[in-house]
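One structure is given here, and the rest of the page talks about it.
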Amino acid sequence: MKVKVVLLAVCFTCIICIVFSSVNTFAQIGTYSKEELIKYTPHWKGERFPDGRPKVPEEIIERMKKVALEEAWAVCRRYGYFSQYEGDWVMSQDDAVLVGRAVTVGFMPMRTGVNEIIEAEGKKDGRIGGQNSWVIDTLVDGDVPVVDMLGRVRYGCFFGGNLAHAIRAKTGTGIVVDGGNRDMEDVIQMENFPVFSRGWDPGYPREEKKVMLMGLNSPTRIGEATVMPGDVVLAKSEGIIFIPPHLAEEIVKTSEVVRLRDAFGYERLTAGVYTPGQIDTRWSDELEKDFAQWLKKRGEKMTAEEIKEFLRTRTW
């Protein structure tokens, strides 16, 4: 009988621990736990941040800056990722290039009762300032905040001059805001801080236009794109592609192969060596041999054999 009582007590204690553990996991509204981030990014097998976000290597991030959006789009689409692109952005700098690891942020229209709980949780966690500042406090080097501000520009401000400097100091990158920002004259003069937003507005959010933070490092919708924490943000003048982490290296390699073959093709077309029909299709053995010699002459690290193997399953 004593054994049964002890077992029951142990089982009851375990149940209580599990219940309280679950409650603590969801204490912050809309924030994925480390375990959830790992669960919902199963294809990533590399290093992760302490919060569970995939950490694409810095070398890949740096090489990504030269990737064309069309090249990234083609690889994403090949693997069934059709909702990764969003266009029609207002940029703070002409020909801006923004690359980094996404920290996803989602806001919703203010609902008083819910917001009171969010504010109370923030106070308990020692958070200071507005909810947009809470987001900035979590950022680290190489992060790109990807913020859903409901597409609002008028009274849809996420940051102004002070917070812009804080974001740049924390990340060394820039920001994507599906909404508006203020202090345009100050922000556009900041070096190495590209901003992709829907526009600029001088006003603070009015009472009836206020929002509340409902998601941090959880899935976020930016226009027609679905963004996950740790996605690689590739933002250029044509638009933005949010790249699943496990595809980042393949996209970089694909781009590098395409650039080499394009450079060869442009040179030979300009010299009149080949016709457009010969270049703009699968290459003949003779043309491939010419390309191999061209690579060797240029001293490229990637060999023709490596490129041929990489292209084996491609149609171009």
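The values are calculated or read from the model by the stated rules, or taken from the named source; none is laboratory data. Keep in mind that what you see is a predicted model, and the values were worked out from it rather than measured. Positions of Cβ are generated from backbone atoms using ideal geometry, with glycine treated the same way; all protein chains shown enter the neighbour counts.
Quick notes on this structure:
- Flag for residue 127 being touching a helix residue (DSSP H, G or I) at 6+ places or on another chain (Cβ under 8 Å), over 13 Å from residue 241 (Cβ atoms) and at pLDDT below 95: yes
- Yes/no for residue 49 being of a type in the set (A, V, I, L, M, F, W, C) and more than 16 Å from the chain's Cα centre (by Cα): no
- For the range 73-121, the tally of residues that are out of contact with any Ser or Thr (no Cβ under 7 Å at 6 or more places or on another chain), farther than 23 Å from residue 248 by Cα and small (Gly, Ala, Ser) stands at 3.
- Failed item, numbered, when residue 123 is tested on (1) assigned by TED's automatic domain parsing to the domain that holds residue 222; (2) in contact with a strand residue (DSSP E or B) (Cβ under 8 Å, 6 or more places away or on another chain); (3) part of a helix (DSSP H, G or I); (4) of a type outside the set (Gly, Ala, Ser): (2)
- Filter pass, residue 211 being within 18 Å of residue 130 (Cα to Cα), touching a strand residue (DSSP E or B) at 6+ places or on another chain (Cβ under 7 Å) and either among the hydrophobic types (A, V, I, L, M, F, W, C) or surrounded by 14 or more Cβ atoms within 10 Å (Cβ to Cβ) (or both): yes
- Residue in the range 74-90 that is among the polar types (S, T, N, Q) and not in a helix (DSSP H, G or I) present: yes
- Test: residue in the range 219-237 that is touching a residue at least 24 places away in the same chain (Cβ under 8 Å), touching a Lys or Arg at 6+ places or on another chain (Cβ under 6 Å) and either surrounded by 21 or more Cβ atoms within 10 Å (Cβ to Cβ) or closer than 19 Å to residue 56 by Cα (or both): yes
- Criterion violated by residue 260 - all others in (1) assigned to a strand (DSSP E or B); (2) outside the structural domain of residue 172 (by TED's automatic domain parsing) satisfied: (1)
- Pairs where the first residue, in the range 124-140, is under 23 Å from residue 172 (Cβ atoms) and the second is part of a loop (DSSP other than H, G, I, E, B), C-beta under 6 Å, 6+ apart: 132/158; 134/127
- Residues that are assigned to a loop (DSSP other than H, G, I, E, B) and not β-branched (Val, Ile, Thr), drawn from the range 263-313: 272, 274, 280, 282, 283, 284, 299, 300, 301, 302, 311, 312
- Counted residues, the range 159-207 - those being in a helix (DSSP H, G or I), over 22 Å from residue 88 (Cα atoms) and out of contact with any helix residue (DSSP H, G or I) (no Cβ under 8 Å at 6 or more places or on another chain): 6
- Apart from one condition, residue 101 fits all of (1) over 27 Å from residue 152 (Cβ atoms); (2) among the charged types (D, E, K, R); (3) modelled with pLDDT of 95 or more; the exception is (1).
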